[in-house]
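Q: What follows is a single structure, and I will ask about it in a moment.
The values are calculated or read from the model by the stated rules, or taken from the named source; none is laboratory data. Not measured: the values here are computed from a predicted model. For neighbour counting, all protein chains shown are included, and Cβ atoms are generated from backbone atoms with ideal geometry for every residue, glycine included. Please note that ligands, DNA and RNA were not included when accessible areas were found on the heavy atoms of the full protein model with its side chains. Shrake-Rupley method; radii C 1.70, N 1.55, O 1.52, S 1.80 Å.
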Amino acid sequence: MAPFRLEARNAPSSLAKWLAPPLAAIAMVACGFVLFAVLGKDPVAALHAFFVAPVATRYGIGELLLKASPLALIATGLAIGYRANVWNIGAEGQLAVGAIAAGGVALALDASGPLVVLPLMFVAGALAGALWAAIPAWLRTRCNANEILTSLMLVYIATLLLSYMVHGPWRDPEGFNFPQSRMFAASALLPVIVEGTRLNAGTLVTLAVVAAAWLFVARTLVGFEMRVAGLAPGAAQYAGVSPAKVVWIGMLCGGACAGVAGVNEIAGPIGQLLPSVSPGYGFAAIIVAFVGRLHPAGIVVASLLMSLLYLGGEAAQVALALPSSITGLFQGTLLLFLLAADVLIHYRVRIGARTAMATP
Amino acid sequence: MIDTLVGIVALTLAAGTPLVIAALGELVVERSGVLNLGVEGMMLIGAVAGFIVTVHTHMPWLGVAAAIVAGAAMALVFAIVAVSLQANQVASGLALSLLGIGLSAFVGQPYVAAVVDPIKAINWPPLSSLPVLGPLLFAYNPLVYVSVALAAGVHLFLLHSRAGLVLRAVGESPRSAHAIGYRVLAIRYAAVLFGGACAGLAGAYLSLAFTPLWSEGMTSGRGWIALALVVFATWRPYRVLLGAWLFGAVTLAQFQVQAAGIEIAPQLLAMLPYAATIVVLAWMSRDAAAIRRHSPASLGKPFHPQR
């Protein structure tokens, strides 16, 4: 006999829906407390070093927003698809091809002014990301192939393509044989918007996209159709919503946003093409989308939390001598706790033995 | 000439083995109606657990046992969230993969440059030294034989045993199985744990026999390819063997091309297995009716007796 049992609610609880993410975050921090203690660190000091110290300075706040920006951007795009049960999990690859395309534009044209180069980079990045996402969309609508697996396989291909470009055609001839492109000229770099930080104009792009996505989801017919297609596929189809259209819109939005995030990275903090242009933002954004409840406002908050996990991981490396991969550990734990807490949306948890009434 | 062919067959089987083991495990899970996308994470945990235990004990088979337990432990986390608490299975599986990638990198970091006593290929003097037949049949890593035996075992269990019939019933119609008194959730737990144990074993094969070393993310997508193989095999065990060996051959092709002195960047060649997965998946899935006919009817749908 299980120590607890689940009793179905008559209607989903919206309170539980919005309470689950903070509960999951608390559970994650509690897990961190135990983990640090087990590793022989003073847990309170370690948690402070992980979650507080990185954002105690103006520069730190800038870094928090800088890393939250690609996460929020990608998650916003993915959430449009996820609402409609279109599972694009290849954002990491779409980000990489966005960076490749924008990097190509920058390397070819950065001798001209920023008003020419930067907009072209964004267009190229968005198109490339969308194109990369179009492959799983086409395979799904045309061949019925599962988009989860195809979009993920394309992550490996995109990463290898980026690696090929910086090892081969675009390698900096004066770069001491390192696999990297030459640094972009200033005209291909996003201007810093807050002095004393690395926070750049890319964050404004993110905010604009998040606002546009909210309008699209909440205020347009197509956005409404996408939601219906996710909640009640049968009803949507009966009402004339084409399932293929839903897949295409879901995939292309995610791909374009991830591509733009790739542009923000190379035109922002990186400033050139490297074999890796993202520390797993494309995958972390999946978690951000879920923790943010697929809602633009929730996603912004969740992206700040996830960004803090990245900063904490870096701080843990320096202050606590722990590998920075602890970030991935926290991220995975957070999502699992969230999914577990989501049970409260549809069920009440009853502790103790079954009563006669509840027996089906 | 014949020696080259035998060599290619042997290397193909060696490269296909982790896919065979992981895909068979996932096949059983999916036949019970549960979709666990966490194979990549469970494989990595198995690989790192097996490696660490072997580094400390110098007993590779103890490492294999540890990998099996570690893979099953990861699967237990998934089962609690996705089977008991009925979370979205796609999201739970992704979470498990992300957790496995992070956790394995975290605990494995001190072992990146370590060396282990690997599991060696068998050598039975009279048989292994036979011409052609020796290297073709009697000179593999023991885990290669285990993978073939596993395929036969899963086939017999699923299609020719009463317990297998019950497991399939749970995957097709959990409500009916529940109504006639089978414990749907317990059966799904057992299937998920078996899948985790297989993924752990597949990981151990990589870190203790195939490579043998530990590096971050060393499965490089094999867990995901194993998931695609289940579709390729249309949920039938013996076809997993064929599919996995086919992929072994594709993996091998990239080294053959390089050895033949053809000038292609290694990064472009390394794309082959992933591109092949996409092509094969699209090819197999194009007949939607056939996929529907073969896939477990309740795949991915949580079950709660009250709903």
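Q: Identify, from the list A:298, A:312, the residue that is under 14 Å from the mean Cα position of the chain (by Cα), at negative phi and either at pLDDT 90 or above or surrounded by fewer than 22 Cβ atoms within 10 Å (Cβ to Cβ) (or both).
A: Numbers: A:312 fails: under 14 Å from the mean Cα position of the chain (by Cα).
The match here is A:298.
Q: Quick check, is residue A:36 hydrophobic (A, V, I, L, M, F, W, C) and either more than 13 Å from chain B (Cβ to nearest Cβ) or not in a helix (DSSP H, G or I) (or both)?
A: On the way: hydrophobic (A, V, I, L, M, F, W, C): yes; either more than 13 Å from chain B (Cβ to nearest Cβ) or not in a helix (DSSP H, G or I) (or both): no.
No, not satisfied.
Q: Kindly indicate whether residue A:223 is open to solvent by less than 20 Å² (accessible area, probe 1.4 Å), more than 30 Å from residue B:272 (Cβ to Cβ) and away from chain B (no Cβ under 12 Å). Show your work before the answer.
A: On the way: open to solvent by less than 20 Å² (accessible area, probe 1.4 Å): yes; more than 30 Å from residue B:272 (Cβ to Cβ): yes; away from chain B (no Cβ under 12 Å): yes.
Yes.
Q: Which residue pairs have Cβ atoms under 7 Å apart, sit 6 or more places apart or on different chains, and have a first residue in region B:281-299 that is among the basic types (Lys, Arg) and a second that is in a helix (DSSP H, G or I)?
A: B:286/A:143
Q: Among the candidates B:163, B:152, B:186, B:179, single out the residue that is open to solvent by 30 Å² or more (accessible area, probe 1.4 Å), within 21 Å of residue B:18 (Cα to Cα) and not aromatic (Phe, Trp, Tyr). Quick ask: steps written out before the conclusion?
A: Working: B:163 fails: within 21 Å of residue B:18 (Cα to Cα); B:186 fails: within 21 Å of residue B:18 (Cα to Cα); B:179 fails: within 21 Å of residue B:18 (Cα to Cα).
After ruling out the rest, the residue left standing is B:152.
Q: Within the set of pairs 6 or more residues apart or between chains, which connect a residue that is within 10 Å of chain A (Cβ to nearest Cβ) inside region B:67-94 to a residue that is of a type in the set (Ser, Thr, Tyr) and part of a helix (DSSP H, G or I) with Cβ atoms less than 7 Å apart?
A: As it stands, the answer is B:78/B:92; B:81/B:92; B:82/B:92, since those pairs meet every condition given.
Q: Oh, and also: So, residue B:299, is that one buried (at least 16 other Cβ atoms within 10 Å of the Cβ), modelled with pLDDT of 90 or more and in a loop (DSSP other than H, G, I, E, B) or not?
A: Numbers: buried (at least 16 other Cβ atoms within 10 Å of the Cβ): yes; modelled with pLDDT of 90 or more: yes; in a loop (DSSP other than H, G, I, E, B): yes.
Yes.
Q: Among (1) outside any helix (DSSP H, G or I); (2) among the hydrophobic types (A, V, I, L, M, F, W, C); (3) away from chain B (no Cβ under 11 Å), which single condition is residue A:145 missing?
A: Evaluating residue A:145 over (1) outside any helix (DSSP H, G or I); (2) among the hydrophobic types (A, V, I, L, M, F, W, C); (3) away from chain B (no Cβ under 11 Å) leaves (3) as the failure.
Q: In the list B:75, B:70, B:65, which residue meets the criterion of being modelled with pLDDT of 95 or more and farther than 26 Å from residue A:36 by Cα?
A: That would be B:65, the only listed residue that is modelled with pLDDT of 95 or more and farther than 26 Å from residue A:36 by Cα.
Q: Kindly indicate whether any position in region B:214-233 is assigned to a loop (DSSP other than H, G, I, E, B), closer than 20 Å to residue B:296 by Cβ and either within 14 Å of chain A (Cβ to nearest Cβ) or open to solvent by less than 10 Å² (accessible area, probe 1.4 Å) (or both). It would help to see each step written out before you state the result.
A: Pass one, region B:214-233, residues assigned to a loop (DSSP other than H, G, I, E, B): B:214-221, B:233.
Add one more test, that the residue is closer than 20 Å to residue B:296 by Cβ, and what stays is B:233.
Those still in the list that are either within 14 Å of chain A (Cβ to nearest Cβ) or open to solvent by less than 10 Å² (accessible area, probe 1.4 Å) (or both) too: B:233.
The answer is yes, given that some residue of region B:214-233 is assigned to a loop (DSSP other than H, G, I, E, B), closer than 20 Å to residue B:296 by Cβ and either within 14 Å of chain A (Cβ to nearest Cβ) or open to solvent by less than 10 Å² (accessible area, probe 1.4 Å) (or both).
Q: A further question follows. Looking at region A:278-295 only, could you name the residues that are open to solvent by less than 10 Å² (accessible area, probe 1.4 Å) and either farther than 28 Å from residue A:188 by Cβ or over 10 Å from the mean Cα position of the chain (by Cα) (or both)?
A: Hits for region A:278-295 are A:286, A:287, A:289, A:292.
Q: Against the definition (open to solvent by 10 Å² or more (accessible area, probe 1.4 Å) and more than 26 Å from residue B:78 (Cβ to Cβ)), how does residue B:270 come out, yes or no? Can you show your working first?
A: Working: open to solvent by 10 Å² or more (accessible area, probe 1.4 Å): yes; more than 26 Å from residue B:78 (Cβ to Cβ): yes.
Yes; evaluated as a whole, the condition is true for this residue.
Q: Testing residue A:173 on (1) more than 7 Å from every other protein chain (Cβ to nearest Cβ); (2) open to solvent by less than 30 Å² (accessible area, probe 1.4 Å); (3) over 21 Å from the mean Cα position of the chain (by Cα); (4) not basic (Lys, Arg), one condition comes back false. Which one is that?
A: All conditions pass for residue A:173, except number (2).
Q: Same structure again: Can you tell me which residue in region B:281-296 is nearest to the other protein chains (Cβ to nearest Cβ), limited to those that are open to solvent by 30 Å² or more (accessible area, probe 1.4 Å) and not small (Gly, Ala, Ser)?
A: From region B:281-296, those open to solvent by 30 Å² or more (accessible area, probe 1.4 Å) are B:283-284, B:286-289, B:292-294; that's our starting set.
Imposing the further condition that a residue be not small (Gly, Ala, Ser) reduces the set to B:283-284, B:286-287, B:292-294.
Numbers: B:283: 7, B:284: 8, B:286: 4, B:287: 8, B:292: 10, B:293: 13, B:294: 13 Å.
Only one residue fits best here, namely B:286.
Q: Could you tell me whether any residue of region A:7-20 is basic (Lys, Arg) and at pLDDT 90 or above? So that I can check it myself, show each step before the final result.
A: Applying the first criterion (basic (Lys, Arg)) to region A:7-20 yields A:9, A:17.
Restricting the remaining residues to those that are at pLDDT 90 or above gives none.
No, region A:7-20 contains no residue that is basic (Lys, Arg) and at pLDDT 90 or above.
Q: Given the residues A:40, A:81, A:60, which is the only one that is over 22 Å from residue A:277 (Cα atoms) and either surrounded by fewer than 24 Cβ atoms within 10 Å (Cβ to Cβ) or free of Cβ contacts under 8 Å to residues at least 12 places away in the same chain (or both)? Give the derivation first.
A: Numbers: A:81 fails: either surrounded by fewer than 24 Cβ atoms within 10 Å (Cβ to Cβ) or free of Cβ contacts under 8 Å to residues at least 12 places away in the same chain (or both); A:60 fails: over 22 Å from residue A:277 (Cα atoms).
Every option except A:40 fails the conditions.
Q: Open to solvent by less than 20 Å² (accessible area, probe 1.4 Å) and at pLDDT 95 or above, is that true of residue A:341?
A: On the way: open to solvent by less than 20 Å² (accessible area, probe 1.4 Å): yes; at pLDDT 95 or above: no.
Here the answer is no, as residue A:341 does not meet what is asked.
Q: Further question on the same structure: For region A:189-215, enumerate the residues that are of a type in the set (A, V, I, L, M, F, W, C), buried (at least 18 other Cβ atoms within 10 Å of the Cβ) and out of contact with any strand residue (DSSP E or B) (no Cβ under 7 Å at 6 or more places or on another chain). Steps first, answer last, please.
A: So in region A:189-215, the residues of a type in the set (A, V, I, L, M, F, W, C) come out as A:189-190, A:192-194, A:199, A:201, A:204-205, A:207-215.
Filter again for buried (at least 18 other Cβ atoms within 10 Å of the Cβ), leaving A:189-190, A:199, A:205, A:209-210, A:213.
Across region A:189-215, the qualifying residues are A:189, A:205, A:209, A:210, A:213.
Q: Condition first: touching a strand residue (DSSP E or B) at 6+ places or on another chain (Cβ under 6 Å) and crowded, with 16+ Cβ neighbours inside 10 Å. Can you find one or more residues in region A:144-153 that meet it? Give the derivation first.
A: Narrowing region A:144-153 to residues touching a strand residue (DSSP E or B) at 6+ places or on another chain (Cβ under 6 Å): none.
No, region A:144-153 contains no residue that is touching a strand residue (DSSP E or B) at 6+ places or on another chain (Cβ under 6 Å) and crowded, with 16+ Cβ neighbours inside 10 Å.
Q: Quick one: in region A:176-188, of everything that is open to solvent by 10 Å² or more (accessible area, probe 1.4 Å) and in contact with a helix residue (DSSP H, G or I) (Cβ under 6 Å, 6 or more places away or on another chain), which residue is nearest to the other protein chains (Cβ to nearest Cβ)?
A: Out of the qualifying residues, it is A:179.
Q: Being among the hydroxyl-bearing types (Ser, Thr, Tyr) and under 27 Å from residue B:115 (Cβ atoms): is that true of residue B:4 here?
A: Numbers: among the hydroxyl-bearing types (Ser, Thr, Tyr): yes; under 27 Å from residue B:115 (Cβ atoms): no.
Considered against the rule, which asks whether it is among the hydroxyl-bearing types (Ser, Thr, Tyr) and under 27 Å from residue B:115 (Cβ atoms), residue B:4 comes out as no.
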